[in-house]
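The values are calculated or read from the model by the stated rules, or taken from the named source; none is laboratory data. Computed from a prediction, not measured in an experiment: that's the story for all the values here. Counting neighbours? That spans all protein chains shown, and the Cβs are built from the backbone with ideal geometry, glycine included. With ligands, DNA and RNA removed, areas are computed over all heavy atoms of the protein, side chains included. Shrake-Rupley method; radii C 1.70, N 1.55, O 1.52, S 1.80 Å.
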Amino acid sequence: MTTSTAQSPAPGHPAQPELPATMRASILKRQGDMVLETLSVPQLAPDQVLVQVAAVGVCGSDVHYYEHGRIGDYVVDHPLILGHELSGRIAAVGSAVDPDRLGKRVAVEPQRPCRKCKQCKAGRYNLCPDIEFYATPPIDGAFAEYVTIQSDFAFDIPDSVSDEAAALIEPLSVGLWACERADIKPGSRVLIAGAGPIGIIAAQAARAFGATEIYITDVAQDRLAFALEHGATHALNARTDSVEGLDVDAFIDASGAPQAVRSGIKAVGPAGRVILVGLGADDVELPVSFIQNREIWLSGVFRYTNTWPLAIQLIADGKVDLDVLVTGKFTLAESEDALRAGKQPGQLKAVVYPGR
Ligand SMILES: [Zn+2]
Ligand SMILES: [Zn+2]
């Protein structure tokens, strides 16, 4: 008599659990029109994991797609699932992935570089011309019960890191990458324009990098007060206080406001750095001779590379606090309310829970 073990999992490996065939997802049909629908659970490629989504942060870009149906050249001309700031639990693994990963809580880096081009090989995979990014047409995002991601872009998180904080590693990564590009180090003096979620996160990141003076500007007094409690050391009202002559080592713009960019540059000392994070006008007039005379470095940032491991460490060590940013919690059916929540005063980050 012969027996077959073909149906059994390898010794020591848990079996893939039974998964539902369908899932709920909140879909942006067109500008201003979101509906809850039932879709097939996505199929796994060999190198991917299936993540059951626990929490998704609402980002300014999600709101922009919802309100305007496009960001620059990216147009929502087919139904799109929004959401790219997420955490969850691994519910299934592809054939090439270690089955020990099943059941792990993870934070997802929501991008898929080609891994073969010149930029990828140089370690700058954020600049990969063929990169796919969640919730950027035509790639679906995470306002859904399940998503797929390459196994090495799903990072294990310790129990001490909440689902919300793990989801907000995505915006934290923007702040960490900006600080890295700004060359923030122990003793640095930094100016940040804009006390929204990214500005506050950049302030926390700068502090974690060792900056000792962190100035933040905004026009909203409540945001400035919050930023002072959670990262910044000095708050300045952009309407009434001048930043010129601060002579900081670095200026990070998280406002996208042309006037804030110009005055922020004039706060930078010789050989200082300017990092443009905020999305606003495509073209901005700059004080060129000021930049030349001081040999100021100026760069944009496009997302981030290799930030999740550091981010997880900083959260686990209590060096940054992302949970304080969460001001609204929504079920998947309330995704549209979550997208509108940011407009209310006092709101910073809305979080959607696809399992609820
Ligand atoms: Zn985001
Ligand atoms: Zn590439």
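Where only DSSP H runs of four or more residues are counted, the chain gives -6000 deg cm²/dmol as its mean residue ellipticity at 222 nm, each run worth -39500 (n - 2.57). Centre-to-centre, using Cα atoms only, segment 297-337 and segment 160-217 are separated by 10 Å.
Tell me the carbon and sulfur percent of the accessible area for segment 175-300, rounded to whole percent, probe radius 1.4 Å. Of the solvent-accessible surface of segment 175-300, carbon and sulfur hold 49 percent.
Sorting 61-73, 100-112 by their mean Cβ neighbour count within 10 Å, with the most densely packed peptide first, gives 100-112, 61-73.
Springs between Cα atoms under 10 Å define the GNM used for the chain, and in it the highest mean-square fluctuation of L322, L279, L191 occurs at L279.
Residue-wise HN-Hα couplings along segment 169-186, as the Karplus relation 6.51 cos²θ - 1.76 cosθ + 1.60 with θ = phi - 60° gives them from phi, are 5, 4, x, 4, 4, 4, x, 5, 5, 4, 5, 5, 5, 7, 6, 5, 9, x Hz; Gly and Pro carry x. Each of T22 and H78 was given a label point 7 Å from its Cα along the Cα-to-Cβ line. The distance between the two points is 2.1 nm. Against the main long axis of the alpha-carbon atoms of the chain, helix 197-208 sits at an angle near 80°. Volume per residue of the convex hull around the Cα atoms, evaluated for the chain, comes out as 147 Å³. Fully extending the segment from D156 to Q313 would add 55.4 nm, taking 0.36 nm per residue of separation and subtracting the current Cα-Cα distance.
Using a Gaussian network for the chain with springs between C-alpha atoms less than 10 Å apart, which of these wobbles most: L168, L286, L224? The residue with the greatest mean-square fluctuation here is L286.
Computed over protein heavy atoms with a 1.4 angstrom probe, the accessible surface ordering of D130, D156, largest first, is D130, D156.
Quick one: if the Förster radius is 22 Å, what FRET efficiency do D130 and S40 give, using the C-beta to C-beta distance and rounding to 0.05? Efficiency computed from Cβ-Cβ geometry: 0.30.
Of the cross-linked pairs K104/K329; K185/K266; K29/K121, which ones have a Cα-Cα span greater than 31 Å in the structure shown? In this structure, K29/K121 exceed 31 Å between Cα atoms.
Length gained on full extension, K121 to Q221: 31.5 nm, using 0.36 nm per residue less the C-alpha separation. In a reduced charge model with +1 at each Lys and Arg Cβ and -1 at each Asp and Glu Cβ, the chain shows a dipole moment near 420 debye about its Cα centre. Judged by the ratio a/c of the largest to the smallest principal axis of the C-alpha gyration tensor, segment 260-315 counts as prolate, that ratio being 1.5 or greater while a/b is larger than b/c. Assuming charge only on the beta carbon of Lys and Arg (+1) and of Asp and Glu (-1), the dipole of segment 175-300 about its Cα centre is about 180 debye to the nearest 20. What the Cβ-Cβ distance of Q259 and R30 gives, at R0 = 25 Å and to the nearest 0.05, is a FRET efficiency of 0.15. Put a dot 7 Å past the Cα of R239, heading toward its Cβ, do the same for E213, and the two dots end up 2.6 nm apart. Residues S188, S242, sorted by accessible area with the largest first, give S242, S188 [1.4 Å probe; ligands and nucleic acids excluded].
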